[in-house]
Amino acid sequence: MKTIEEINEKIKKGKVVVVTAEEMIEITKDKGTKKASEDVDVVTTGTFGPMCSSGMFMNVGHSKPRIKIGGGKCYLNDVPAYCGIAAVDIYIGATASPDDDPRNTVYPGAFKYGGGHVIEDFVSGKNINLVATAYGTDCYPRKKIETFINKNNVNEAYLYNPRNDYQNYNVAVNLTNRVIHTYMGVLKPNMHSANYCSAGQLSPLLNDPKYRTIGIGTRLFLGGGVGYVAWYGTQHNPNVPRSPDGLPRAGAGTLAVIGDAKQMSAEFLRGASFIGYGATLFVGIGIPIPILDEEMAYFTSRADEDFYAQVVDYGNDYPNREPKSLCEVSYAQLKSGKINVNGKEVPTFPISSYSKAVQIATTLKEWISSGKFQMTNPVEALPGIDAGIKMNTLEERTMESA
């Protein structure tokens, strides 16, 4: 059994053997998992897709005279930012939308520009128009400011995403007789389309299904820069149906991640707007998996035909009741362009980019091979199957007067 410390020594000496998860599949076909575990030190993964639970903290610095934006209102390129923190700390969420965007059009919520776009423009180095108002205090007397900020003149800017990198996810179909607009994209009526969102065999948490090497403190590729796992993500739920070898067959683990936004690139952080849903942010994440033993070689060599996702009706079930699976399909079937759902052939459409996932895994491989990026031991494990996590729901309640 190898250790991460031993692998880091190989990285320092330029002797590390790094391959992508795609390459690991072929290596184990040729050599088997035991020999592959001896020969390969690190397997890199990647994913690039819409991750709504994302955002960026900024400290914009003090003005003269000072202003207490905290408790007031703040807009970045006309998109509201959260400022209930401190004087000049703000948070812009990926799904934030301008106040005056049309809500009563044919496609309500089809924002052309939202929080995800602000983050993309910021990491691109563009000037962002900041307008803030405050109530004024003795120590912060100013009541309004309008200025431009960018990544070179704010004090700090870091991405903090509460829920990224879903371990697996639903396949969305629509059983109604009308077009519907969702966070999974536009879904054609009468099940004439099936949308999915995962890199499958390249997806980070699918390559470490038991969270043996990915945990709190794990260093990763985030948005073109270096980031870390800050905590387990919101809606982290390892207790889902799994195959006998432990591969999740539904949405399971998630990650909260953090990283310096000033180091990131718009190539791997892209604002987007989903018709009828709203703004979001496409996030690029890549995580290196240390091959500590034969089990990790086995998990990182699983291919698209080994991973299954549940097909869910987003027309009736998802919005109105606890959704039930219509059937399950493999990612190999999804990537073939069509699946069979209860006897009906349905075209499939990815809303994440597999080519970008390959690019991320390849870039991370180059960083490690060149000695620019070293592995980290998690400081704490993610909650696993035996953690007793239960997913709660917000049930409708009535308030009774006292």
Could you check region 319-344 and list, in sequence order, the residues that are over 18 Å from residue 249 (Cα atoms) and part of a helix (DSSP H, G or I)?
319, 320
Test set (1) at pLDDT below 95; (2) under 21 Å from the mean Cα position of the chain (by Cα) - residue 342 fails condition number
(2)
Scan (1) buried (at least 23 other Cβ atoms within 10 Å of the Cβ); (2) polar (S, T, N, Q); (3) not assigned by TED's automatic domain parsing to the domain that holds residue 23 for the single condition residue 152 breaks and write down its number.
(1)
Can you name the strands (runs of 3 or more DSSP E) wholly within region 115-233 that have at least 1 residues being in contact with a Leu (Cβ under 8 Å, 6 or more places away or on another chain)?
128-133, 144-149, 156-164, 171-173, 180-182, 194-196, 219-222, 225-232
When you check residue 260 against the structure, is it out of contact with any strand residue (DSSP E or B) (no Cβ under 8 Å at 6 or more places or on another chain) and farther than 21 Å from residue 194 by Cα, yes or no?
no
Collect the residues in region 71-94 that are farther than 25 Å from residue 281 by Cα and out of contact with any His (no Cβ under 9 Å at 6 or more places or on another chain), keeping them in residue-number order.
71, 72, 86
For the list (1) outside any helix (DSSP H, G or I); (2) touching a strand residue (DSSP E or B) at 6+ places or on another chain (Cβ under 9 Å), I need the number of the one condition that residue 1 fails.
(2)
Only one of 201, 167 is within 30 Å of residue 384 (Cα to Cα) and out of contact with any strand residue (DSSP E or B) (no Cβ under 9 Å at 6 or more places or on another chain); which?
201
Please identify the pairs in which a residue from region 172-183 that is farther than 21 Å from residue 328 by Cα has its Cβ atom under 9 Å from the Cβ atom of a residue that is among the aliphatic types (A, V, I, L, M), counting only partners at least 6 apart or on another chain.
179/186; 179/187; 180/186; 180/187; 181/110; 181/187; 181/275
For region 97-128, which positions are modelled with pLDDT under 95 and under 22 Å from the mean Cα position of the chain (by Cα)?
97, 109, 110, 111, 112, 113, 114
For region 345-402: of the residues being acidic (Asp, Glu) and modelled with pLDDT under 95, which is surrounded by the most Cβ atoms within 10 Å (Cβ to Cβ)?
386
If I filter region 113-136 for residues that are closer than 28 Å to residue 252 by Cα, surrounded by 14 or more Cβ atoms within 10 Å (Cβ to Cβ) and hydrophobic (A, V, I, L, M, F, W, C), do I get at least one hit?
yes
Within region 168-175, is even one residue closer than 18 Å to residue 54 by Cβ, at pLDDT 95 or above, out of contact with any Asp or Glu (no Cβ under 6 Å at 6 or more places or on another chain) and surrounded by fewer than 24 Cβ atoms within 10 Å (Cβ to Cβ)?
yes
Report yes if some residue within region 62-69 is assigned by TED's automatic domain parsing to the domain that holds residue 302, β-branched (Val, Ile, Thr) and either at pLDDT 95 or above or on the phi < 0 side of the Ramachandran plot (or both); otherwise report no.
no
Take residue 22 and tell me if it is closer than 30 Å to residue 274 by Cβ, within 28 Å of the chain's Cα centre (by Cα) and assigned to a helix (DSSP H, G or I).
yes
Unique residue being surrounded by 23 or more Cβ atoms within 10 Å (Cβ to Cβ) and in contact with a strand residue (DSSP E or B) (Cβ under 9 Å, 6 or more places away or on another chain) when the list is 273, 265, 301:
301
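The values are calculated or read from the model by the stated rules, or taken from the named source; none is laboratory data. The structure displayed is predicted, hence computed values, not measured ones. Note: ideal-geometry Cβ built from the backbone for every residue, glycine included; neighbour counts use all protein chains shown.
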